[in-house]
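Peer 1: Let me begin by handing over the structure; questions about it come next.
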C-alpha cells in the first residue's frame, strides 16, 4: 500500500506505535516492536465489487504479512468517521504486552463522525464486520494452540462499528477474548440491548448486566470492581460517562423523559437537571458540539481509565496495579495533529 493511500489518520496511526526504547524502559525488559496495520479508502479501486470487503481483506493481509498473527494479542480496531483511533486504547495495549501486539484497522469514510453518523452508519457497520471476519478467518486457520488472543475496541462511532460482527453479548463472548468500547452512541445495537435488559435497580447511565458476570460498565476505574462477585471471562467493558451527550442523545427525548433523568443522577450531572420537552433534546444536541473539549473523565473524553479497562479485560502476564498507575499519566487520546472534533458523535 502506498503512504498516500492510508489517509491522514491512517498515517498518524501507523507511525505512532510505541517506540521499543520507551516500552523497554517502562517494563524493564527488552520490548518487541509493535505492529500496526491499516488500509485507507484509497487502497483499493472505488469501483471494486465490494469496496469495504476489499479494504478489510487488504488490511488483514497486511496484518498477516507483517507477522501480526504470531503476536500474543491481535486487536481489531474500528475507527471513527475520519479514520481516527484513540491513541490511549492502542498505546495502552502495546505497553501492557511490551510490544508483543498487532493492531489492525481500516478507513470507511472521509467525513467527520457527526456527518458519518447521519449518512454512513451502514458503512461503519460493514467496515467493522468485514474487518473482524477477515482477521478471524486468518486466526482460525492457525493451529489452535498457537493462536493469539483476539480482542476488539473502538470509541464513539468506532464502538458502533466494533459491535457490528456480533448479534449479542453472548456472541462477542464466544468469538473474542475481550472487548473495550468507549463512549458508545445511543444507536449501538448491543449496547442498547444490554442497557435495556440491565438488572433492576441499576441506573441507565451505569447499568449492571447479569450481575456483571462478563459485561461491565464503568465511568471511572473504581466501577470495574463492581459488582463484587467474581468476574468471568471473556470480559467486555463499556467506558461511559454520565455527562457524555453522545450516549444520552436520542430523538425520543424530544417528547419522552429518558431513564437517566428519571433515575438518580450520574456523578457529573447536576442534580438540578430537569427534562423539558424539546428543550432538553436541544440542550443535549448542543452539548455534543463541545463534548470532547472537557477534562478527561467527563463528557466524551476517555483516556486514563483505558489503562484500568485493558488491565481488567486481559490481565496481561506480569502486569500489576502499580504498572497501571504508572501507565495512566503516559496515555494520550491523540498523537500528531489533533483530529477535527465536530460533535455528533465523537471525532
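The values are calculated or read from the model by the stated rules, or taken from the named source; none is laboratory data. A quick note: this is a predicted structure, and the numbers were derived from the prediction, not measured. Ideal geometry is used to build each Cβ from the backbone, glycine not excepted, and the neighbour counts take in all protein chains shown.
Peer 1: Being over 21 Å from the mean Cα position of the chain (by Cα) and surrounded by 16 or more Cβ atoms within 10 Å (Cβ to Cβ): is that true of residue 247 here?
Peer 2: Values: over 21 Å from the mean Cα position of the chain (by Cα): no; surrounded by 16 or more Cβ atoms within 10 Å (Cβ to Cβ): yes.
Judged against the criteria, residue 247 is not a match.
Peer 1: I'm told residue 156 meets every condition in (1) without any contact (Cβ under 8 Å) to a residue 60 or more places away in the chain; (2) touching a strand residue (DSSP E or B) at 6+ places or on another chain (Cβ under 9 Å) except one. Can you identify the failing condition by its number?
Peer 2: Looking at each condition in turn, residue 156 falls short on (1).
Peer 1: Further question: Scanning region 103-122 for residues that are at pLDDT 80 or above and surrounded by fewer than 24 Cβ atoms within 10 Å (Cβ to Cβ), which turns out farthest from residue 164 (Cα to Cα)? Quick ask: steps written out before the conclusion?
Peer 2: Step one: list which residues in region 103-122 are at pLDDT 80 or above, which gives 103-109, 122.
Next, from what is left, pick out any that are surrounded by fewer than 24 Cβ atoms within 10 Å (Cβ to Cβ): 109, 122.
Details: 109: 16, 122: 10 Å.
By that ranking, first place goes to 109.
Peer 1: When the residues of region 1-11 are narrowed to those that are within 24 Å of the chain's Cα centre (by Cα) and under 12 Å from residue 59 (Cβ atoms), which ends up surrounded by the most Cβ atoms within 10 Å (Cβ to Cβ)? Even if it seems obvious, please write down each step before you answer.
Peer 2: Within region 1-11, the subset within 24 Å of the chain's Cα centre (by Cα) is 5-11.
Within this subset, residues satisfying the condition of being under 12 Å from residue 59 (Cβ atoms) are 5-6, 10.
Numbers: 5: 18, 6: 22, 10: 30.
Among those that are within 24 Å of the chain's Cα centre (by Cα) and under 12 Å from residue 59 (Cβ atoms), it is 10.
Peer 1: Being without any contact (Cβ under 8 Å) to a residue 12 or more places away in the chain, in a helix (DSSP H, G or I) and within 24 Å of residue 80 (Cα to Cα), is that true of even one residue in region 188-195? If you could, list the steps in order and put the result at the bottom.
Peer 2: From region 188-195, those without any contact (Cβ under 8 Å) to a residue 12 or more places away in the chain are 192; that's our starting set.
Subset that is in a helix (DSSP H, G or I): 192.
Narrowing further to those that are within 24 Å of residue 80 (Cα to Cα): 192.
Scanning region 188-195 turns up at least one residue that is without any contact (Cβ under 8 Å) to a residue 12 or more places away in the chain, in a helix (DSSP H, G or I) and within 24 Å of residue 80 (Cα to Cα).
Peer 1: Here is a check on your reading of the model: is residue 104 farther than 18 Å from residue 9 by Cα and touching a strand residue (DSSP E or B) at 6+ places or on another chain (Cβ under 7 Å)?
Peer 2: When the stated conditions are applied, residue 104 does not pass them.
Peer 1: Right, something else. Anything in region 172-187 that is more than 26 Å from residue 292 (Cβ to Cβ) and not in a loop (DSSP other than H, G, I, E, B)? List them, or say none. Spell out how you get there, then give the answer.
Peer 2: We begin by selecting, within region 172-187, every residue more than 26 Å from residue 292 (Cβ to Cβ); these are 172-177.
Matches in region 172-187: 172, 173, 174, 175.
Peer 1: Only residues that are surrounded by fewer than 19 Cβ atoms within 10 Å (Cβ to Cβ) and either in contact with a helix residue (DSSP H, G or I) (Cβ under 7 Å, 6 or more places away or on another chain) or farther than 24 Å from residue 299 by Cβ (or both): list them for region 215-225, please.
Peer 2: 220
Peer 1: Does region 145-164 contain at least one residue that is surrounded by fewer than 21 Cβ atoms within 10 Å (Cβ to Cβ) and in a helix (DSSP H, G or I)?
Peer 2: yes
The rows are residues; the columns are (1) crowded, with 17+ Cβ neighbours inside 10 Å; (2) touching a residue at least 12 places away in the same chain (Cβ under 8 Å); (3) not in a loop (DSSP other than H, G, I, E, B).
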| residue | (1), (2), (3) |
| --- | --- |
| 13 | yes, yes, yes |
| 18 | yes, yes, no |
| 23 | yes, yes, yes |
| 31 | yes, yes, no |
| 37 | yes, yes, yes |
| 42 | yes, yes, yes |
| 48 | no, no, no |
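Peer 1: Of the residues 189, 176, which is surrounded by fewer than 17 Cβ atoms within 10 Å (Cβ to Cβ) and under 15 Å from the mean Cα position of the chain (by Cα)? So that I can check it myself, show each step before the final result.
Peer 2: Values: 176 fails: surrounded by fewer than 17 Cβ atoms within 10 Å (Cβ to Cβ).
That would be 189, the only listed residue that is surrounded by fewer than 17 Cβ atoms within 10 Å (Cβ to Cβ) and under 15 Å from the mean Cα position of the chain (by Cα).
Peer 1: Could you tell me whether residue 308 is at pLDDT below 90 and buried (at least 16 other Cβ atoms within 10 Å of the Cβ)? Show your work before the answer.
Peer 2: Working: at pLDDT below 90: no; buried (at least 16 other Cβ atoms within 10 Å of the Cβ): yes.
Spelling it out, it is not the case that residue 308 is at pLDDT below 90 and buried (at least 16 other Cβ atoms within 10 Å of the Cβ).
Peer 1: Moving on. Quick one: residue 154 ticks every box in (1) closer than 25 Å to residue 299 by Cβ; (2) at pLDDT below 95 except a single one, so which number is it?
Peer 2: (2)
Peer 1: So how many residues does region 68-81 have that are assigned to a loop (DSSP other than H, G, I, E, B) and surrounded by fewer than 24 Cβ atoms within 10 Å (Cβ to Cβ)? Can you show your working first?
Peer 2: Of region 68-81, the ones assigned to a loop (DSSP other than H, G, I, E, B) are 71-72, 79-81.
Now drop any that are not surrounded by fewer than 24 Cβ atoms within 10 Å (Cβ to Cβ), which leaves 71-72.
So the answer is 2.
Peer 1: For residue 95, which of the numbered conditions (1) buried (at least 24 other Cβ atoms within 10 Å of the Cβ); (2) assigned to a loop (DSSP other than H, G, I, E, B) fails to hold?
Peer 2: (2)
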